[in-house]
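The values are calculated or read from the model by the stated rules, or taken from the named source; none is laboratory data. The shown structure was predicted, so the numbers you read here are calculated from the model rather than taken from an experiment. All Cβ positions, even for glycine, are placed from backbone atoms using ideal geometry, and neighbour counts span all protein chains on display.
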Amino acid sequence: MGAHEFEGEVAVVMTPEVPRTPIVGVVMGSKSDWETMRHAVEILTELGVPVESKVVSAHRTPERLFAYGKEAERRGLEVIVAGAGGAAHLPGMLAAISILPVLGVPVQSKALHGVDSLLSIVQMPRGVPVGSLAIGVSGAANAGLLAAAILARKYPAIRDTLARFREVQTAAVGESPE
Ligand code: RP5
């Protein structure tokens with residue numbers, strides 16, 4: 001909690017602390033997606049964002065999908081990152097069920113190299129948005145970074161860690177191409 005004084009009046013400004021329980025849920029359609037989706041979990045953990053991960057398949061475990069989407073907000077989640085490959089309906093269905101922002105990661109498929117996943121996730125009907133990221137590992141890592149940027153608006157600690165991450169990233173890029 002912080003306090004600011006304005007001409008004799010003290011305004012108390014609440015600065016929420018990052019909860020210890022998960023505020024980001026990283027879900028994926030299959031165990032085989034973990035090699036991609038772990039990059040979202042790793043970056044969130046690095047940034048000090050409490051995260052949970054779970055396999056939730058839109059097609060193979062539809063009841064689990066509905067339960068996850070319906071309970072997500074009440075359980076304290078603030079952002080959902082959902083990755084799936086092929087006919088990737090998981091992010092869109094979670095966006096339909098939950099009011100939370102959903103970031104979709106197209107997992108690279110064998111048959112169409114993830115273009116099927118990408119189109120399934122990005123082509124949502126008006127009214128039910130999914131924030132679609134790039135195909136594969138870059139998309140997963142960026143979904144983690146974007147989730148952190150959303151949460152940074154509320155949690156100053158996450159904002160500071162994210163700003164430091166950017167500084168370190170910038171400092172690591174040398175000017176010489178050799
Ligand atoms: C999708 O089918 C999953 O998201 C995964 O990317 C893809 C293949 O799943 P597995 O056959 O490896 O379980 O539902």
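Cβ-Cβ distances below 8 Å connect the following pairs, each with a first residue in region 15-38 that is over 17 Å from SER109 (Cα atoms) and modelled with pLDDT under 95, a second residue that is of a type in the set (A, V, I, L, M) and more than 16 Å from the ligand (Cβ to nearest atom), and a separation of six or more residues or different chains: THR15/MET1. Among the residues of region 69-91, write down those that are in contact with a helix residue (DSSP H, G or I) (Cβ under 9 Å, 6 or more places away or on another chain), assigned to a helix (DSSP H, G or I) and not small (Gly, Ala, Ser). Selection gives LYS70, LEU90, PRO91. Screening the candidates GLY85, GLY114 for the property of being of a type in the set (Gly, Ala, Ser), closer than 16 Å to TRP34 by Cα, in contact (Cβ under 8 Å) with a residue 40 or more places away in the chain and within 10 Å of the ligand (Cβ to nearest atom) yields one hit, GLY85. What about ALA58, is it within 30 Å of ALA87 (Cβ to Cβ) and either within 17 Å of the chain's Cα centre (by Cα) or surrounded by 15 or more Cβ atoms within 10 Å (Cβ to Cβ) (or both)? Answer is yes for this residue. Taking every residue in region 42-58 that is at pLDDT 95 or above and part of a strand (DSSP E or B) and pairing it with any residue that is among the basic types (Lys, Arg) and exposed (fewer than 14 other Cβ atoms within 10 Å of the Cβ), at least 6 positions away or on another chain, the pairs with Cβ-Cβ distances below 8 Å are VAL55/LYS31.
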